[in-house]
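The structure appears below as structure tokens.
The values are calculated or read from the model by the stated rules, or taken from the named source; none is laboratory data. None of the values given here were measured: they were computed from a predicted structure. Cβ atoms come from the backbone with ideal geometry, glycine included; neighbour counts cover every protein chain shown. We work out accessible area using only protein heavy atoms, side chains counted, and drop any ligands, DNA or RNA first. Shrake-Rupley method; radii C 1.70, N 1.55, O 1.52, S 1.80 Å.
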Amino acid sequence: MLTITFILSHSIGGNPVYAWLGRSAGQHPQLIAQVTKLYHLDDPLWVQYYYYLVNLLQGNLGYSPSRGFQPVASVIAQALPNTLQIAFFALVISLVLGIVLGVISSLYRNKLEDKGIRAFYLAGISSPAFFIAIILLIVFSLELHLLPSGLSADASLPSPSTITYIPMLDSLIEGNFAYFSSSLYHVILPALALALTTFGVVVRVLRSSMIEVMHANYIRTARAKGLDERTVFFTHGLRNAMIPVVTLSSLMVTWLITGTIFVENIFSYPGIGQYVFTALTAQDYPGILATTLVFAVIIVLANLAADILYVFFDPQIRLG
Amino acid sequence: MPVVPLGRPRDKRAKAVRSAIGLLRENKTALAGAVIVAVFALTAVAVYVASLFGITLTPYNPIQQDVGPLLAPPSLAHPFGTDLLGRDIFSRIIAATPNDFAIGLVVIGFSLVVGTLVGSYAAFRGGLLDEALMRVTDIFFALPALVLAMAIGVALGRGIGNMTIALMIVWWPPYARLARGETLKISHQNFIDAARLFHLSRLRILLKHVIPNITTTLLVYATLDVGTVIVVYSGLSYLGLAVTPPAPDWGEMVSSYQAYTISAPWLPLFPGVIIALGVIGFSLLGDGLRDALEVS
């Protein structure tokens, strides 16, 4: 994975020094020589790769030309918590919306409610994240003035001290409720924009698994035991129908993380997605490499989390 | 026992066409999907063919400035309004149709062919080759398609052709997986054993007996997937990796008009609606096909 992203990002054409220092750098040959030497740009690729691996093992992801040569690790440390905030809320909204509508859809199969929900989610999954983000921006922020159109919190508020590195958690722990509510206001629109692109898949999967589960023999057994319909539906039906949704959640994390590239850019939310965008336009190799790596790590962790959650939902899977 | 007549291939094909028409007559949403796809396809082909003869089909020249007032809201003369440079949005959207549509079809077509051949051959051969191919596809599943395509696209350089190549590289592995699974499902059925008994070559069995039996599933998946390609491509285009302005492209239009969201909201809205509409068309059609052919 590392190797692939390294080779890819280094095969970008053109001399990156110009992109980093600006066109006028051509008048200062010593400067170019200095930067070239500093980043081993004149060495063969495998030597550059060696330096990269050694640095990576030491926790050094390189320096980011698009962010004034700050260490990439510190850019990511600042940006990642914001992205996690968006992704977390987007996942929650998406699951809640998806589960509620999925259950309703399965109860009213092929009736008007089911068809209405289908039209709604189809519009959602068919739209690119940037399109939904712009619609929400126009409606909620420019027309109704309900929610802010950018940044992760009010710039006038003092930021909370770093405890967990996640600003919203930190402000809660500190009792800084002004900051917390401000960041909550700022996260709603980007998270909603992302959630609207993914919840439809939850509806679709839950609807079909719910219909299948409710025809299973153990549901008939539960009914025969004389359990009331509510218990049968929720504890026997829904819990089993949730298993495919858990599998889906790890996939959804993948989509949500990808979507942050667009959504953060539209809402000027200072996260990894925005960093990807600027790194892309500025030929910032270390930035592109590191963000791709971060994406891959998040996705691996999400898969692991889904595997652990199975145990909770599926009685047939037990640890040990 | 009723006598089942053995249909000649031509009869089979006619039957398939008849059942497709029957599907559209029964399933209203699939019909809607087919109509949307047909409108997009006709527009794309018409614009492309006309451009070969140097004819501009769009009401205005899509890249010419000042064909109307600046930042005009939608009107009869300019149904989708005009942008800051006085270019007609409707003409720009129409002019971009061949690109966006062709990329969807080219990427899916490539993935379908390569994925089917690779996946079914791997499953049929089994052993080390199968194992190796599946590990290769694993790599592609570790990262989202857009991020991978973005990385490859950055490496290749900007441009529609390079983005198409990047998408083709990341798109075929799921098809190989699907084809492999389907091949494994049928490879132990009697008619395959019968073919083996006739000492047909492995390649012949694969091409004549295995692949025709797995194409339905793959085609349904592909129809649903064209929309996904269009969305991901519009993302790459939005990131500025596909076309160089002033050439029109849906995704690029949304990102360059985004700054005017406050003063002229129709600018980013119309290209976005068109992307969503195209994708919905393919989803509805794909869903209808899946229900009709009972592919899970």
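Here are some notes:
- Per-residue [θ]222 nm for chain B (sum of -39500 (n - 2.57) over DSSP H runs n ≥ 4, rounded to 500): -24500 deg cm²/dmol
- When A:Thr231, B:Thr116 are compared by accessible area of protein heavy atoms, the largest-first order is A:Thr231, B:Thr116, using a 1.4 Å probe.
- In a simple Cβ point-charge model (Lys, Arg +1; Asp, Glu -1; nothing else charged), chain B has a dipole of about 1240 debye relative to its Cα centre.
- Equivalent-ellipsoid semi-axes of the range B:197-296, from the Cα gyration tensor, Å, largest first: 42, 17, 7
- When only alpha carbons are used to place a centre, the range A:114-136 and the range A:244-265 end up 15 Å from one another.
- The range A:138-229 - charge dipole about Cα centre, Lys and Arg +1 at Cβ, Asp and Glu -1, debye rounded to 20: 580
- Dipole of chain B, positive direction: furthest Cα of B:Val113, B:Gly68, B:Ile103, with charges on the beta-carbon: B:Val113
- Percent accessible area from carbon and sulfur atoms, the range B:166-296, protein chains only, probe 1.4 Å: 63
- Within the listed set B:Glu252, B:Glu26, B:Glu182, the Gaussian network model of chain B (springs between alpha-carbon atoms below 10 Å) gives the highest mean-square fluctuation for B:Glu26.
- Residue-level accessible surface for A:His215, protein heavy atoms, 1.4 Å, Å²: 140
- Per residue, the solvent-accessible area of the range B:26-295 (1.4 Å probe, heavy atoms of protein chains only, all protein chains present) comes to 43 Å².
- Buried on complex formation within the range B:228-253 (loss of at least 50 square angstrom of accessible surface versus the isolated chain, 1.4 Å probe, ligands and nucleic acids ignored): B:Tyr238, B:Leu239.
- Area buried, chain B against chain A - accessible surface, total, 1.4 angstrom probe, square angstrom: 3100
- Accessible surface of B:Ser263 - all protein chains present, 1.4 Å probe, nearest 10 Å²: 80
- Per-residue mean of C-beta atoms belonging to partner chains within 10 Å, peptide B:101-112: 0
- Whole-Å distance, taken between Cα centres, linking the range A:157-171 and the range B:49-106: 48
- Of the residues making up the range A:102-135, those losing 40 Å² or more of accessible area when the isolated chain is joined by the remaining protein chains, with a 1.4 Å probe, are A:Arg118, A:Leu122, A:Ser126, A:Pro128, A:Phe130, A:Phe131, A:Ile134.
- Contact residues in the range A:219-266 by the 10 Å² criterion (accessible area, 1.4 Å probe, full protein complex versus chain alone): A:Thr254, A:Thr258, A:Ile261, A:Phe262, A:Asn265, A:Ile266.
- Figure note: B:Leu285, A:Leu172, B:Leu239 ranked by solvent-accessible area, largest first, 1.4 Å probe, ligands and nucleic acids not counted: A:Leu172, B:Leu285, B:Leu239.
- In this structure the amide hydrogen of A:Ser64, modeled in the peptide plane, comes within under 5 Å of the amide hydrogens of A:Phe69, A:Gln70, A:Val72, none closer than 5 places in sequence on its chain.
- Leading residue at positive end of dipole, the range B:26-295 (Cβ point charges), from B:Val232, B:Gly86, B:Ala276: B:Val232
- Comparing mean-square fluctuations of B:Pro144, B:Pro98, B:Pro268 from a GNM of chain B with C-alpha springs under 10 Å, the top value falls on B:Pro144.
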